[in-house]
Amino acid sequence: MAQPPVPAPAPSSVVDAFLRKAALVPALRAAALPPRLLFAVDATASRQPTWDRACHLQAGMFAAAGRLSVSLAYYRGHGEFRATPFLADARALAGAMTGVDCRGGHTQILRLLRHAESEAARERLHALVFVGDAVEEEAGPILAAAARLGARGVPGFVFQEGDDPGATPVLRGIARASGGAWAPFDHRSGDALAALLRGAAAFAAGGREALARLPEAAALLAQLPAPGAGQ
């Protein structure tokens with residue numbers, strides 16, 4: 001006896017099946033995800049004014065980049081380190097930031113860089129942004145971790161508040177070792193920090209070409225290694 005014909009799968013079922021298979025293919029999955037940026041901020045006590053300002057500026061960072069997914073990471077107090085999930089909504093990131101108050105404590109830059117390494121190993125990380133003003137750790141392990149990030153293709157954009165002479169060589173070294181860029185800013189100038197954040201976000205979302213379209217980011221672009229130079 002003839003069997004009844006098997007009905008063709010509904011178009012929606014075919015599409016769903018394709019999307020499930022595509023999600024298992026690393027190249028297709030990576031293409032479907034928005035670029036990821038780790039936005040790391042020193043949240044020790046001295047940085048409360050800049051933290052408050054950064055809460056207002058981060059929306060502009062998203063606007064400059066367009067499609068971007070950002071995780072907020074910060075350290076403060078006695079060994080406290082936290083990182084949010086990657087968020088594709090500026091309002092969600094702002095909500096996470098406004099719920100944080102700065103507390104006294106020592107820097108944890110090495111811990112931060114190791115967290116960035118872990119994220120880069122899990123899924124491509126397009127850039128690290130770090131905003132801080134001090135370094136209270138040994139330089140060697142920090143610079144070694146930054147070099148490992150550079151080897152993974154994760155440039156560090158390091159924005160230094162103030163001019164602490166003990167911090168400057170290490171913070172500039174993080175940028176250099178990772179293939180990124182360093183810039184100082186004055187806590188009294190919100191415009192300077194805003195421009196720096198826009199530049200880093202533009203790079204994370206669109207690479208050198210996107211950064212080159214921002215005239216105010218020329219100093220950052222000039223520090224990046226030439227295409228193909230060890231990256």
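Determine the shape class of segment 110-231: with a ≥ b ≥ c the square roots of the Cα gyration tensor eigenvalues, call it rounded for a/c under 1.5, and otherwise prolate if a/b is greater than b/c, oblate otherwise.
oblate
Name the residues whose placed amide hydrogens come within less than 5 Å of the amide hydrogen of residue 135, ignoring near sequence neighbours (fewer than 5 apart) on the same chain.
The answer is 167.
Which ³J(HN,Hα) values, rounded to whole Hz and listed in residue order, are derived for segment 203-209 from phi using the Karplus coefficients 6.51, -1.76 and 1.60 in 6.51 cos²θ - 1.76 cosθ + 1.60 with θ = phi - 60°, glycine and proline given as x?
After applying 6.51 cos²θ - 1.76 cosθ + 1.60, I find 5, 4, 7, x, x, 4, 4 Hz.
Run the numbers for residue 101 and residue 221: contour at 0.36 nm per residue of separation, minus the present Cα-Cα distance, in nm.
My answer for the length gained is 39.9 nm.
Positive end of the dipole of segment 36-150, charges at C-beta (+1 Lys, Arg; -1 Asp, Glu), about the Cα centre: which of 86, 38, 150 has its Cα farthest in that direction?
Looking along the dipole axis, the top candidate is 86.
How about segment 87-186: which GluC sites (Glu not before Pro) there lie in a loop by DSSP and see at most 11 other Cβ atoms within 10 Å?
In loop regions of segment 87-186 (DSSP not H, G, I, E or B), the sparsely surrounded GluC sites (Glu not before Pro) are 138.
Once you put a point 7 Å from the Cα of residue 118 and another 7 Å from the Cα of residue 48, both along the Cβ direction, what distance in nm separates them?
3.0 nm
Would you kindly state how much longer the chain becomes between residue 78 and residue 163 on full extension, computed as 0.36 nm times their sequence separation minus their alpha carbon distance, in nm to one decimal?
Result for the pair: 28.2 nm of gain on full extension.
Read-outs throughout are calculated quantities, based only on the coordinates presented, and are distinct from any laboratory measurement. Just so it is clear, the model here is predicted, and its values are computed rather than measured. All Cβ positions, even for glycine, are placed from backbone atoms using ideal geometry, and neighbour counts span all protein chains on display.
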